[in-house]
Structures are given as structure tokens and as C-alpha cells.
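What follows is a single structure, written as C-alpha cells, with notes after it.
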Amino acid sequence: MSSRWSRRSWLKASMAGMGAAWPAALLFGATGPQSALLGAEARPEIPVAQPSPSLVPDRLCRRVVLEMSLKPYRKLDGATLRAVAAKAFEQWLPLIRRAESTAVLLWIADGSEILEYRGRNDDEIEWARYLGMAHPADEPLHWDPAGQSLHSKPQLYMADPPRITYGDLARIVASLKEVGRQMTGKPVFVGATFDPGPEFARSPFKYERHKEIAQGDTAGKGRWVSCAAVLHADDRPYAGFPNGIAEGTSLGTFLGKQTTHFARDLGFDYLWLSNGFGFSLTAWSTKGILFDGQRFDTAKAESARQAILGFCRDFRRHCDLPLETRGTNLATGTDLATAATPLADIYSGDFNMVAPPNSPWGALDSDFGLEIVGYLSRIVELPPNGRFPFRFYTHDPWWLNSPWFDRYGRSPHDIYLPLAVARIDAQGEISRPSHVALLTIDDSFGHLPDQCPIEVIPHIVRGLENYSDAPGLMTWIYPFAENHRRVFEQSRPAEAFFGDWFLRGALNDGLPLNSVVSTENFLKVRRARPEVLAETILLAPVPDADSALETELTAAATEGARVLLYGPLTHAGPKMLAALGLKRAEPIEGALTLEHGLPADRFGSDAVPDRIEHNAVVSAGGVEAVVDPDYRASAADEVCALVRQGDQTRAYAVCRTLGRGRLAWVRGSFSAAVTNARLPVPHDPRKLFLSERLLRWMLPRLGVTVSFDKPGLTTRSPMVLAARCRNGYYISGYCPSTVVEIGLRWPLGAPVLVGHDGLLRGGTAYYRLPRAWHHEVRVLLDQQADGEISCIERYSGQVGVRRRLHLRGLREATVHFLPEAGADAAKVTFAVNNVAITNTKFHPVTIEDEGRRVVGRGITGELVISW
């Protein structure tokens, strides 16, 4: 086109050449040149289109927390302070915009900067300027005899790191608040940290002047601070103790007073307690003061409980700063059974705190089952403010790794898995995470790489937008109060221990458990809103005789619910035993031979072992169930698994009909060994059967199939969590091996993943999926013919149509469509074998479940669903 031709003159000439083929309004819009061409009186009426309303919330959380070390501050002039703050907020602004406020949690040292504080701005801080263990152990590590690793030989992160004083720290805090408020328009809070260990900075206070507080052997003997410690006398002046420390001052009192002065003088708004501090006298271990690996003994439980609570009370007596916490790396039942962690007392103690987040240990050992079980068990009940965080491990500022780039390999599974959980409160509502925390936004060299937030933010936003708003496929009725009573009142700690580890193994083997409700809240929801739990499988430990839980579970099953119990029958009552068709006999333990008739996974050419090693100590007793000979079984009733030892036979799993519902039970065993390793070591699947699999293999009896076709027994199973959101499902998963084929079927049919292709065999959809995945499901397909199926998103192209899904591969199929919450089910259309957006001939459908499901039957070929 010649330069003398303007765009508008070229369009006029083009239109003139085509006569009336193109209305002027399409070329110029509703105003302007069309009036000259058509005349004002000839102007056509052009409707104004209204966009479809958004169905996702604008505000995703209360607060975004940017965790950061001081390493980005390579210089301490005002321009550098402002530049670091500006870059931090700018990088994460797309996420901050979706929150009410933001915070920066500063990893300054290890908390010794609080212990050492004298109220003098010119005092220098021993800050975390190292790579590796800042305070290495005196003895060589057995796995690093030459002392060359970062655990043995720390290094400075840069040559001549800056000297930082308390006055400099106050300026850093002030600059973060000022710049953050200017850039985000939101309140900005700054937190300080306290860690009990030797990792982050050198501490003369902990390891020279007051060794008496560091008596724990985590990370080496005499290197872990106990929250219950008592200090020896010290005539050195401190901000909260200008005349020195008196003999016998509790650490809670000292830390509380010091934190008050430190925060007031330097501008901090809250304190973070790290790595289990304030929750346990020991940390990072399966063993503890109540469990030595061989036996449980609750004799010290009450004294440990009071020691931990004593710290909390002493601290709160002298400091009113809000607390945020890391909590432990394990689960609530384990912490109770081994360390007497009184989580219920901590939550209810008026300590002005936020519940702990998901543990970052999943990134370190890929034990995401432990991460999710721990998370569910800690958030099932909450402090009075109802707040709990989601935390993601982006960078590590100490140990020369950036999990997003290396440990995760840019795979977002540790975003989507913990964001797939659902906590059900006493009103039957789903609680959302209040905080989203990023550990940390700077790497080990103090860099703030742009690529990290660019890649991570979309996944976090998507996970939060699709966060659960209803219970998922399975809901765990967690015995939060019962586990506390079992440890502190009933001397039954093994049940609390076994339940958490059994479910950890089951989740790691693919059990699709994402929802949790405490027993107390379950009972309240059952009384007030029983429909909330109508579509979820209820998973619970065997309830005690004559308990309210026993009554409600049997009632729920009678009314049509699907109930799956696990664990020992030691305290089961006659009513539950009768419903299960079982009786108690002399328990057996040790090497047991398993026989079962459940649909199993495929393991290539590997032969599946039939031997279970049942350790009665960690499995909460032996196997004691036998089939009641007087039980009148229906045609659908089944003894699903037996174990034998010599001439002794015991029931190991059953499934029964109860009224209009189903009641199933799996005994389960602790399929791991407790050693000196920090976590139990799973049994070798080539030699022993892992009993946790039976929970998932029982699900087809309850209408749900999650099956795996794996090359062999040592191939790790995928994790599969199915959350409910906006009336659909969002399935999040993690495949340690991407060669595993996953089979899925739910009560109404096979879930069809939006944006993915699968194979339908025998009514089950089979998929091969990448390392991490997060897929929407709007269609459940009931079809017996085998073949390829696919579901892709199509564009709307029509005002009033929000979305379209295009399915292929249907053969005499019944299609159950789940419209988005807020959509009008009456306006949903099914177009069969005519994908044109102008099509007006639609397949007949029925609207069911009060508009939550639209069903089309007898469909063959292609289908476009529009709404």
C-alpha cells in the first residue's frame, strides 16, 4: 500500500469496491464516518454486548507474604534500600493485587539478633551471610568425612559482605513499608524470625554464653534450642533486661521481653517461630520423648504438654506481637504420640497466632503424602481467627538451591497439590488459606531473578481461583480431639501415630483424599447441613463404642452415604461390629499372608508379594477381626481381604451394604520401619505387600476407580487429588514417573479432562499425564464402547455464550455435564455432529440435581456443549 494511503481511506475504498457487502459499522464502528456514508436517519440500531460475568473471586487471599533474607542488600545506602524494595514488590505485584495486604518476612539471622538486642542502634548484627551451615558441628559428619560439603564448611555468599547494624535494619524495615505502600496501595507488614537451630547464622548467645538452652540433638548434640529452656544468670545488659538475666528466667519470658523491645524500636509487626519451635521439645524426628522406636510411653506426656504451654504463656505474658509459625514437619497425630505436642491447647490458648502452613519438606524428599496429611491434620481445627497459610518454596537463601528451578524442575505440583485441599468448618463451609507465603523471593546469592515470579505467579493464581468450595471425592473425618485424649488421658498413643502414617502411605500411593473435617465439625454439619457431605466418601478411623461418631456414621451409611473405615477394631462397639459382620478374636501379628479379591494395579511382569509385615506396636495392635458366622450377608456384601498365619485366619477388609449406603473397612498395617532416619523407611515393595494400597483398591466398591498401570513394583505411584470448585472438579496430580497410565472412573462415569486426550476401556478413562497437572472436569462420560476420547475448549464467538467444550469419540454415550456454579442450566445446549457456532439444532437434555447436572443420552460422534 502506498504511503499516501491512510488506513481509513483504504478502508473507504475497499468498502466502496464491495458495494454494500460490508456494513460501514463493521469497518468504522457505531459513530464517525458511517453517518456521512449512510446518513444519520439510516444509522442501524447496534446492540451493546455485555461480557459474561467472571465466576472467580477477585480477592484470592488476605495477605501475600514475601520472605526474604538480607542478602540482596549488598550496599546500605538509601538508593539501594529503595531499589531492593521496589524490585521485590514489582516482581510479585500481579499476585499482591489479588490480596488485601502484603508482608515481608525478613530472615535476618537465626533469631539471635533478638536475643542479643541491647537497644543500641550502632550494635552490629551477626546476620545470615553464609552458604550452608553457619554453625557446623564439631564432629565430622559420617557422610562427609572430608568436611567439604556446605553442612561442614560454610562459605560467605559474597566477598566483604556489608556490616549491618540494628540502625541499618530499622532503615531496611522502614524502606520496605514506605516503598511497598507506594507501589501496592495496600498495608505492608514486616515480620522477624526466630529459629531454634544452627543453620542460618553464628550465635554466641546460643552456643557460647547460654549453651543451657540448646540441649536438643537435632542437627547434632547440643545444637537445638528447646522452647522450655531456662536460662542461667547473665550480668550482660539486654533491651528487656537492662540489669542482666536472673538465674532461672524462662526462655519464653526472655524472648517475649526482647521481642517487644526489638519490634517496637525497629518497626516489626509480627514474629515467625521457625522449625517446630514452640510446638515440640524435639523436632524433625519420628521418635520423641514418648516413643523410642520400640514402644510408646505416655508417662511424660503431661509434663511435656505443660512445658510447651508454659513457653507460650510466658512469651505472651510479655509480648503481644502477633505470631506466625512453621509448626512441625510431621502430622498432628504423630506429634502427639511421640512429642506430646498439645496443638489443641496451643490453638485455643489465646496466643494470637496463625496456624502453621504446609511443610516445605515435600520439596526435599518428594514425600508429598506426608506434606498433605500433615497440612490436613493441622488445619482441621484452627485458632480463633480461623487463619492458615499456603507456603511455596521458591528459593532457598542458605543452601544453594532454588526449588522452583531445580528440586521441582519448574513443575508446579507443590502448588496445585496443597491448593487442592478442602477444610470443612462447623457450618459446612470451606475455609480458604488466609496467607500466601513465598519462601524465599531471593536466592542463596541474594539475587531476585525475574523468571521465578513470571513462571510461578500464574500457577498460584490458577490454584487459588480453582480452590475448593465443596468437599472433594473423599473427606477425612480427622480425630483431632480424640487423638489428644488418646495421648493425654487414655494411654492410646499408637492409634494417633498409626492413623497419620497409614494415610500418608495411602496418599503417596494415589488415594484421592483432599478434604478434611474434624469429628466435632462433622457432627455439627450432619445435624445442620447433611447435604454438604452427600457426595463425598467419608473416611474415618473405626469409632469408639457408643460414641456420637459411631451413631452418625452408621446413620449416614443407612441414608445412602459411602463410608470407609480403617484401623483396629479394639474399641469398636457391638453396633459397628454387627454392621461390619465381624467379631473380635485373639490378635495376630508379624509375618502374615494376604489374600484379596480387590481390583489391583498392574505392575508389568513383576509378581506382587502376598506377605504383610504387621508390627503391632506401630500398627496400634494386632489383627483381631474374624467374620461373624451369624452375619446375614447380602449379594453385594463381600469379605475383600483375609490374612493368614499358620492355621489362624483374620479378616483384613470387608465391604457391606447398610440401608441405602455402603460401609467398608480396611485394617491396614504400618508398612515401614522406624529407624534412626528422620522418617520411617517404607518396606521394599518387591518383598512385602504395602497395605496402604488396599484403601484405594477398595474404592471401586464405593463407586470410584483410581488405578495405575506401572512398569514394575518399584515405580512410584502418582498422587491424585480431586477438588470441587464451581460445581466441577479440578484434579491435581503429581507423577514421579510419567510412564504410569492412570485410570479414572467416578459414580456417574469417567471424568473427561479438559484439554487432554484419553482412552476409554470398559467405562474407565485412561490417561498418561506429565509430572504435574491441574485439569478441569466438567463432563462425566458413561460409555461402554472402547476408544479414544478428547475434550478441548473452543472459543465462544457468540454474545451470551460464556464457554464451549468440544468432545470427540462418543459412541452411544450418556454425557453428564456439570455447569459452572452461577450458570443457567436451562441455557446449556448440546450440539451433536454440528460444531458451527450458528447451529440451532440441539440434542435433547434433562436437567437434574436441581440444575447442577445436565444430561444428554445416546450421543454418538462429536459434541459441543455451550453455556
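The values are calculated or read from the model by the stated rules, or taken from the named source; none is laboratory data. Just so it is clear, the structure is predicted and the values come from calculations on it, not from any experiment. With ideal geometry, Cβ positions are generated from the backbone for all residues, glycine too; neighbour counts draw on all protein chains shown. We work out accessible area using only protein heavy atoms, side chains counted, and drop any ligands, DNA or RNA first. Shrake-Rupley method; radii C 1.70, N 1.55, O 1.52, S 1.80 Å.
Does Thr860 count as more than 30 Å from Tyr416 (Cβ to Cβ), among the hydroxyl-bearing types (Ser, Thr, Tyr), modelled with pLDDT of 95 or more and open to solvent by 50 Å² or more (accessible area, probe 1.4 Å)?
yes
Might you let me know whether region 696-707 holds any residue that is assigned to a loop (DSSP other than H, G, I, E, B), at pLDDT 95 or above and out of contact with any Ser or Thr (no Cβ under 8 Å at 6 or more places or on another chain)? Checking region 696-707: at least one residue is assigned to a loop (DSSP other than H, G, I, E, B), at pLDDT 95 or above and out of contact with any Ser or Thr (no Cβ under 8 Å at 6 or more places or on another chain). The one condition from (1) in a loop (DSSP other than H, G, I, E, B); (2) on the phi > 0 side of the Ramachandran plot that Val799 does not meet is (2). In region 532-553, what residues are among the acidic types (Asp, Glu) and open to solvent by 10 Å² or more (accessible area, probe 1.4 Å)? If the condition is that a residue be among the acidic types (Asp, Glu) and open to solvent by 10 Å² or more (accessible area, probe 1.4 Å), then Glu535, Asp544, Asp546, Glu552 are the ones that fit.
Of all the numbered requirements in (1) part of a helix (DSSP H, G or I); (2) farther than 30 Å from Pro140 by Cβ, Leu271 misses one, and that requirement is (1). Restricting Thr249, Thr325, Thr253, Thr259 to residues that are among the β-branched types (Val, Ile, Thr), surrounded by 20 or more Cβ atoms within 10 Å (Cβ to Cβ) and more than 27 Å from Arg171 (Cα to Cα) narrows the list to Thr253. Contact annotation: residue pairs with Cβ atoms under 6 Å, 6 or more positions apart or on different chains, pairing a residue in region 505-531 that is crowded, with 24+ Cβ neighbours inside 10 Å with a partner that is basic (Lys, Arg), are Asp509/Arg693; Gly510/Arg696; Leu511/Arg696; Val516/Arg423. Applying the criterion of being open to solvent by 20 Å² or more (accessible area, probe 1.4 Å) and assigned to a loop (DSSP other than H, G, I, E, B) to the residues of region 163-203, the residue that is farthest from Leu95 (Cα to Cα) is Arg202. Please indicate, with yes or no, whether at least one residue in region 664-678 is more than 26 Å from the chain's Cα centre (by Cα), assigned to a loop (DSSP other than H, G, I, E, B) and among the hydrophobic types (A, V, I, L, M, F, W, C). Within region 664-678, not a single residue is more than 26 Å from the chain's Cα centre (by Cα), assigned to a loop (DSSP other than H, G, I, E, B) and among the hydrophobic types (A, V, I, L, M, F, W, C). Selection of region 750-772 for residues being under 28 Å from the mean Cα position of the chain (by Cα) and open to solvent by 10 Å² or more (accessible area, probe 1.4 Å) yields Val754, Gly755, His756, Asp757, Thr764, Tyr766, Arg768, Pro770, Arg771, Ala772. Filtering Val461, Val487, Val436 for residues that are open to solvent by less than 10 Å² (accessible area, probe 1.4 Å), among the aliphatic types (A, V, I, L, M) and assigned to a helix (DSSP H, G or I) leaves a single hit, Val487.
Among the residues of region 700-711, none is identified as over 27 Å from Ala673 (Cα atoms), out of contact with any Leu (no Cβ under 7 Å at 6 or more places or on another chain) and open to solvent by less than 10 Å² (accessible area, probe 1.4 Å). For beta carbons closer than 8 Å, sequence separation of 6+ or different chains, a first residue in region 573-587 that is without any contact (Cβ under 8 Å) to a residue 12 or more places away in the chain and closer than 17 Å to Thr649 by Cβ and a second that is open to solvent by less than 100 Å² (accessible area, probe 1.4 Å) and among the aromatic types (Phe, Trp, Tyr), there are no qualifying pairs.
Specify which of the listed residues (Arg660, Arg686, Arg667) is modelled with pLDDT of 95 or more and closer than 30 Å to Asp469 by Cβ. Write out each step before concluding.
Details: Arg686 fails: closer than 30 Å to Asp469 by Cβ; Arg667 fails: closer than 30 Å to Asp469 by Cβ.
Being modelled with pLDDT of 95 or more and closer than 30 Å to Asp469 by Cβ holds for just one of Arg660, Arg686, Arg667, which is Arg660.
Looking at this structure, is Lys206 surrounded by 19 or more Cβ atoms within 10 Å (Cβ to Cβ), touching a helix residue (DSSP H, G or I) at 6+ places or on another chain (Cβ under 8 Å) and touching a residue at least 40 places away in the same chain (Cβ under 8 Å)?
Numbers: surrounded by 19 or more Cβ atoms within 10 Å (Cβ to Cβ): yes; touching a helix residue (DSSP H, G or I) at 6+ places or on another chain (Cβ under 8 Å): yes; touching a residue at least 40 places away in the same chain (Cβ under 8 Å): yes.
When the stated conditions are applied, Lys206 passes them.
Of all residues in region 644-669, those that are open to solvent by less than 40 Å² (accessible area, probe 1.4 Å) and either touching an Asp or Glu at 6+ places or on another chain (Cβ under 6 Å) or at positive phi (or both) total 3. Among the residues making up region 588-643, those that are among the acidic types (Asp, Glu), touching a residue at least 24 places away in the same chain (Cβ under 8 Å) and open to solvent by 60 Å² or more (accessible area, probe 1.4 Å) are Glu589, Glu595, Asp606, Asp610, Glu613. Applying the selection to region 494-522, what residues are out of contact with any Asp or Glu (no Cβ under 6 Å at 6 or more places or on another chain) and of a type in the set (A, V, I, L, M)? Within region 494-522, Ala494, Ala496, Leu503, Leu507, Leu511, Leu513, Val516, Val517 qualify.
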